[in-house]
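Here's the structure, in structure tokens; my notes come after.
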Amino acid sequence: ETGVTQSPTHLIKTRGQQVTLRCSSQSGHNTVSWYQQALGQGPQFIFQYYREEENGRGNFPPRFSGLQFPNYSSELNVNALELDDSALYLCASSPGQGQGEQYFGPGTRLTVT
Amino acid sequence: AQSVAQPEDQVNVAEGNPLTVKCTYSVSGNPYLFWYVQYPNRGLQFLLKYITGDNLVKGSYGFEAEFNKSQTSFHLKKPSALVSDSALYFCAVRGRAAGNKLTFGGGTRVLVKP
């Protein structure tokens, strides 16, 4: 098990609602990345935070937003939920922006009805 | 743009036999390459990575992977598969100028039969 934790484990929301997902990074890691994994697919990069600043973003609309806090934990916020937002959301942390691997949390399963 | 292809949706192998999971990639410049494994209802677990140096990389749980620059491939291998190796395997690439963004393949399900 990595030291990355995510909450909640599961979540059910209705279309049009807003959701906040949380991630605690592994100790000593100052970079957090978020990924969306739809059923049967590989993870897709949403965005990355380094020292509380967003410094990379994938092809996701602005209703996907995030924060990183001074302790390097992070939040992913999704507004105006759509049915296609149903997925496993993965958080990954790494020690800086170097060449090392990312350590993933167990994910949050979001279902939008 | 960077991309990863895993041409096999599923690989079936008998326990004790060699296991190979294929991966090809496309990226500008020299790549960083990774393999991750995912068990049901779990996050991704890191197996191994290629950064530079020896083309044969050894990782966790007896897995290894061979980097082939001319064929832009990074196939995952294990000499003797175990039933417990049954899982979903993902290959990922990151360009050296792309920050920390990982691009994943679609995944290959490995089924090891007793």
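Exactly one condition in (1) surrounded by fewer than 22 Cβ atoms within 10 Å (Cβ to Cβ); (2) in a strand (DSSP E or B); (3) more than 12 Å from chain B (Cβ to nearest Cβ) is not met by A:Q17; state its number.
All conditions pass for A:Q17, except number (2).
Between a first residue in segment A:21-47 that is free of Cβ contacts under 8 Å to residues at least 12 places away in the same chain and a second residue that is among the hydrophobic types (A, V, I, L, M, F, W, C) and not in a strand (DSSP E or B), which pairs have beta carbons less than 8 Å apart while being 6 or more apart in sequence or on different chains?
Qualifying pairs under 8 Å: none.
Inspect all residues belonging to segment B:58-68 and state whether any of them is within 14 Å of another protein chain (Cβ to nearest Cβ), without any contact (Cβ under 8 Å) to a residue 24 or more places away in the chain and farther than 25 Å from B:G29 by Cβ.
Within segment B:58-68, one or more residues are within 14 Å of another protein chain (Cβ to nearest Cβ), without any contact (Cβ under 8 Å) to a residue 24 or more places away in the chain and farther than 25 Å from B:G29 by Cβ.
Please indicate, with yes or no, whether at least one residue in segment B:31-41 is modelled with pLDDT of 95 or more and more than 12 Å from the chain's Cα centre (by Cα).
Among the residues of segment B:31-41, not one is modelled with pLDDT of 95 or more and more than 12 Å from the chain's Cα centre (by Cα), which makes the answer no.
Any idea which of A:E54, A:E101 is without any contact (Cβ under 8 Å) to a residue 40 or more places away in the chain, outside any strand (DSSP E or B), of a type in the set (D, E, K, R) and closer than 19 Å to B:L102 by Cα? Steps first, answer last, please.
Values: A:E54 fails: outside any strand (DSSP E or B).
On inspection, the qualifying residue turns out to be A:E101.
Of the numbered conditions (1) in contact with a Cys (Cβ under 9 Å, 6 or more places away or on another chain); (2) modelled with pLDDT of 95 or more, A:I46 fails exactly one; give the number of that condition.
Status for A:I46: all satisfied but (1).
I'm told B:T52 meets every condition in (1) surrounded by fewer than 16 Cβ atoms within 10 Å (Cβ to Cβ); (2) at pLDDT 90 or above; (3) within 13 Å of another protein chain (Cβ to nearest Cβ) except one. Can you identify the failing condition by its number?
B:T52 satisfies all of (1) surrounded by fewer than 16 Cβ atoms within 10 Å (Cβ to Cβ); (2) at pLDDT 90 or above; (3) within 13 Å of another protein chain (Cβ to nearest Cβ) except (2).
For segment B:69-100, which residues satisfy the criterion of being crowded, with 19+ Cβ neighbours inside 10 Å, of a type outside the set (F, W, Y) and either touching a residue at least 60 places away in the same chain (Cβ under 8 Å) or under 19 Å from A:N59 (Cα atoms) (or both)?
Across segment B:69-100, the qualifying residues are B:K78, B:A81, B:D85, B:C91, B:A92, B:V93, B:R94, B:A98, B:N100.
The values are calculated or read from the model by the stated rules, or taken from the named source; none is laboratory data. Just so it is clear, the model here is predicted, and its values are computed rather than measured. Don't worry about glycine lacking a Cβ; one is built from the backbone with ideal geometry, like all the others, and counts go over all protein chains shown.
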